[in-house]
1. Looking at the stretch A:161-179, is at least one residue in contact (Cβ under 8 Å) with a residue 60 or more places away in the chain, open to solvent by less than 50 Å² (accessible area, probe 1.4 Å), in a strand (DSSP E or B) and not charged (D, E, K, R)?
2. Any idea which residue in the stretch C:5-15 is surrounded by the fewest Cβ atoms within 10 Å (Cβ to Cβ), counting only those that are within 13 Å of another protein chain (Cβ to nearest Cβ) and modelled with pLDDT of 90 or more?
3. For the stretch C:152-177: of the residues being touching a residue at least 24 places away in the same chain (Cβ under 8 Å) and either under 22 Å from residue C:30 (Cα atoms) or of a type in the set (A, V, I, L, M) (or both), which is most open to solvent (accessible area, probe 1.4 Å)?
4. So for the stretch C:69-81 (the condition being open to solvent by less than 30 Å² (accessible area, probe 1.4 Å), within 13 Å of chain A (Cβ to nearest Cβ) and either more than 30 Å from residue C:217 (Cα to Cα) or in contact (Cβ under 8 Å) with a residue 60 or more places away in the chain (or both)), does at least one residue qualify?
5. Can you tell me which residues in the stretch A:47-80 are surrounded by fewer than 18 Cβ atoms within 10 Å (Cβ to Cβ) and β-branched (Val, Ile, Thr)?
6. Inside the stretch B:1-78, counting only strands (runs of 3 or more DSSP E) that do not spill past its ends, which hold 3 or more residues that are free of Cβ contacts under 8 Å to residues at least 40 places away in the same chain?
7. Any residue at all in the stretch B:197-220 that's hydrophobic (A, V, I, L, M, F, W, C), within 20 Å of residue B:59 (Cβ to Cβ) and in a helix (DSSP H, G or I)?
8. If you go through the stretch C:127-151, how many residues are closer than 26 Å to residue C:75 by Cα, within 14 Å of another protein chain (Cβ to nearest Cβ) and open to solvent by 60 Å² or more (accessible area, probe 1.4 Å)?
Amino acid sequence: MFRNNYDNDSVTFSPQGRIFQVEYAAEAVKQGSVVVGIASKTHAVLVAVKRNAEELSSYQKKLFPIDEHVGIAIAGLTSDARVLSNFMKQQCLGHRLTYGRNMPVRTLVDMIGSKAQINTQHYGKRPYGVGLLVAGVDEQGPHLFEFQPSGMTEQMMAFAIGARSQMARTYLEKNLDKFADCDREELIRHGLRALKESLVQDRELTVDNTSVGVAGAAKQDDGSTKVDPFKVYDGHDVAAWIESVADDKEGDAGAGEGEGEGEGETEGMEVDS
Amino acid sequence: MDHRPQAWGRPRDDVYGAYDASYLHNNGPKTATQSPIVTGTSVIAIKFKDGVVMAADNLASYGSLARFTDVKRLRPFLSTSVVGFGGDVSDMQFLDRHLKELATDEAYEHEASSTTTDEGGSGAGEGQLNAANLYKYLSKLMYRRRNDFDPLWNQILVAGLDAHAKPFLASVDLRGTTFTSPSLATGFGAMLAQPIMRRYAATEEDAARLTREEAVNVIKECMKVLFYRDARSLDRYSIAVVTKDGVELSEDEQLEKQSWAFAERIRGYGTQVV
Amino acid sequence: MTSIGTGYDLANSIFSPDGRNFQVEYAVKAVENGGTSIGIRCKDGVVLAVEKIVTSKLLKQSANKRIATVDRHLGVAFSGMIPDGRHFIDRARDEARAWRDTFKTPISTADLASRMGGYMQAYTLYQSVRPFGITAIVGGFDSTEAAPVDGEVGSGPSCGAGGKVLGKTHGGPFLYMIEPSGLYWGYYGAATGKGRQSAKAELEKLDLGGPAGPALTLEEAVKEAARIIYVAHDDSKDKEFELEMTWISGADGPTKGLHQEVPKALREEAERLAKKSLEDDEEEEPKEEKMEE
């Protein structure tokens, strides 16, 4: 069997200048169930599909609040995510204590980026086997970031990571122009529709396997930002949203114009394209 | 005769008595700063409807000696705040360097989170540390240093705008004591200038009615009174106005229209005999 | 590659029998796959530019910066592995801060390049680490004026020379490029990354060296930098890219001695000219052939 000599640790470059251990860690992200994030001018949302190990077990949480204004969605090794999540919580609290304000989201994301990079350059360490979507609001409005095991962090308009996430990304790319002006509910529905794209055949979104997280930022007259804290919705709290996207045809169904989420959705739902 | 090497070159004990080495053995607790050395006197500040005015003279005294006469004791931070320092000048220099580091870090973060230049945005410090944030940081720093029994020997005023773009003014001292008020003064100013400033801005509501010009005039008047009455003060001073448009700092002001006529009436000091 | 299978390329800090450290050479490969970065040292400042390949439509435009400021007067651009570049920048900022703590004055470009060259080199010395997968371009403008010492409160003596030597000049624009091996040189114009070959060819045509110093002005250099990035990108036309540019002038110039992003209007103008120049070249080439006939 062919044996690749360059893939045993994260301190060895391949002759092409690649680091296989880091690339393998990125594969671990693809093993996790899919999560989607979208940012508009006013809100940042995260939506996720949860998995259960077996019929009688509970579902693994996918969304975690970090601080009042930030939350993360994870795909990959949950225990690695918890390390990063704890670190982020501490940083946010420390910042709040010393400066009396919400930590800027970019600053927070850069911190975990730097932390993860160290693991790719030193022997005896391994890269984190988890990818994150970080959604949050600060004085500059809502933000969405992607974090990769390599330590790469990028600000996105919308993104999806995890198993079969390419389909969700395709949906997001198609509808990219609409997101900026979406309100809270529209944005969540777009998230759920993107999520549905990535589901395996004959799986669907249910109140048991769906999580939704939202944070909002409203610009006040005095120029300050009023934060609508990051909140995770599970179980029956997401029923209405799931219902509201239940009748969508797959593909590029746009935002429903009607207010009525849940019951009474007619078939002739307006589709803008 | 004592021939031990330790005794070489020392006065003979049998002639001069044993060497008193007590000062070498520190029996008391470990100590850091016990008193300030080179000092600045009062800093005064008052809020008005759009911001804050602050002033301090340009003197650094060495005890009662007017040692340095061009010392700038008001320091702008980013373009959002002004910090005024009373007390030890070397500690002020330390804090100034420290604040410069903080501002540099803040610039790094701000650069990373900016989308691109001139894409709108309200300009003056959106998303940057405002005066309230800076004050919170400084008060934590001062309190920590006092708990280390190594205080920074200053009383500090921080002026600027808070997160809601309202005028902000607060004080922290070497003990980590924090408080806020529509007008504030450190040192002698707390006795001599504060009563005058309170005539104009006793409450937040009063301060919110003051115009910039009125506030500047009150401050100038107070600086004059301080120069008349405070022996460690100078007639050259710095004045800063912070508003949403940033910091205007003038560091070479001269007290105008002084009148020392009142000095004639002072009794109990000096050479007068009656 | 001859090195493969010899076993001398499997760990960092190992010399092969002919005296090479293959892991460092492989790190250079990582750089050569990265987007192009260039730096131009001109008469009154330094310009840095990078070609940011847009890997996804979903990326927020112009929100992910690749050129960073160190202290106030230095800029760092790099090609290669982006997280490594972030680490490099973090370290450079720490060095600049440590320099200020010790000397109460900003670090000079040369000193920062030296410190960072040493740092990169240290990552070639041990089996427990790998070299940096980046080549960094460091530009800066060292103050030509007498700047106040950090924390200074009063002024110096009001008469006499005050330690100044009459007619002696200080500071100016500087540019360095640091490779994964830790090797660094000063440059008139530097290029690295995928398009470095064509970028270098273009840089060599500019009037940057010579005993009289560079003739190019800052604004000209901005336009040239944009054009060179467009030329260097030309070979891999299929992918979209974003141009990021920063500049540093002296205290009397447009950035007042600070490292800043080139203003949007100027950058867009430079990009317009760059595109036009590329189009003109395409038109000219067939014409020339005809004329020759």
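The values are calculated or read from the model by the stated rules, or taken from the named source; none is laboratory data. The structure displayed is predicted, hence computed values, not measured ones. Ideal geometry is used to build each Cβ from the backbone, glycine not excepted, and the neighbour counts take in all protein chains shown. For accessibility, only protein heavy atoms count, side chains too; no ligands or nucleic acids. Shrake-Rupley method; radii C 1.70, N 1.55, O 1.52, S 1.80 Å.
1. Taking the stretch A:161-179 first, the residues in contact (Cβ under 8 Å) with a residue 60 or more places away in the chain are A:161-165, A:168, A:171-172, A:174-175, A:178-179.
Retained after the next criterion (residues that are open to solvent by less than 50 Å² (accessible area, probe 1.4 Å)): A:161-163, A:165, A:168, A:171-172, A:175, A:179.
From what's left, in a strand (DSSP E or B): A:161.
In the following step, the residues that additionally are not charged (D, E, K, R) were identified as A:161.
Scanning the stretch A:161-179, I find at least one residue that is in contact (Cβ under 8 Å) with a residue 60 or more places away in the chain, open to solvent by less than 50 Å² (accessible area, probe 1.4 Å), in a strand (DSSP E or B) and not charged (D, E, K, R), so the answer is yes.
2. So in the stretch C:5-15, the residues within 13 Å of another protein chain (Cβ to nearest Cβ) come out as C:5-14.
Applying the additional criterion that residues be modelled with pLDDT of 90 or more yields C:8-14.
Details: C:8: 17, C:9: 25, C:10: 18, C:11: 18, C:12: 24, C:13: 16, C:14: 14.
Top of the filtered list is C:14.
3. Ranking the qualifying residues of the stretch C:152-177, first place goes to C:176.
4. Residues of the stretch C:69-81 open to solvent by less than 30 Å² (accessible area, probe 1.4 Å): C:69-71, C:73-80.
Within this subset, residues satisfying the condition of being within 13 Å of chain A (Cβ to nearest Cβ) are C:79-80.
This time we only want the ones that are either more than 30 Å from residue C:217 (Cα to Cα) or in contact (Cβ under 8 Å) with a residue 60 or more places away in the chain (or both), so: C:79-80.
Among the residues of the stretch C:69-81, at least one is open to solvent by less than 30 Å² (accessible area, probe 1.4 Å), within 13 Å of chain A (Cβ to nearest Cβ) and either more than 30 Å from residue C:217 (Cα to Cα) or in contact (Cβ under 8 Å) with a residue 60 or more places away in the chain (or both), which makes the answer yes.
5. Of everything in the stretch A:47-80, just one residue is surrounded by fewer than 18 Cβ atoms within 10 Å (Cβ to Cβ) and β-branched (Val, Ile, Thr), namely A:78.
6. Values: elements: B:38-40, B:43-47, B:52-57, B:60-62, B:65-68, B:74-77.
So the answer is B:65-68.
7. Looking only at the stretch B:197-220, we keep the residues that are hydrophobic (A, V, I, L, M, F, W, C), and these are B:197, B:201-202, B:207-208, B:210, B:215-216, B:218-219.
Keeping just the survivors that are within 20 Å of residue B:59 (Cβ to Cβ) gives B:219.
The next check asks that each one be in a helix (DSSP H, G or I); those that pass are B:219.
Yes: the stretch B:197-220 contains one or more residues that are hydrophobic (A, V, I, L, M, F, W, C), within 20 Å of residue B:59 (Cβ to Cβ) and in a helix (DSSP H, G or I).
8. Number of matching residues: 3.
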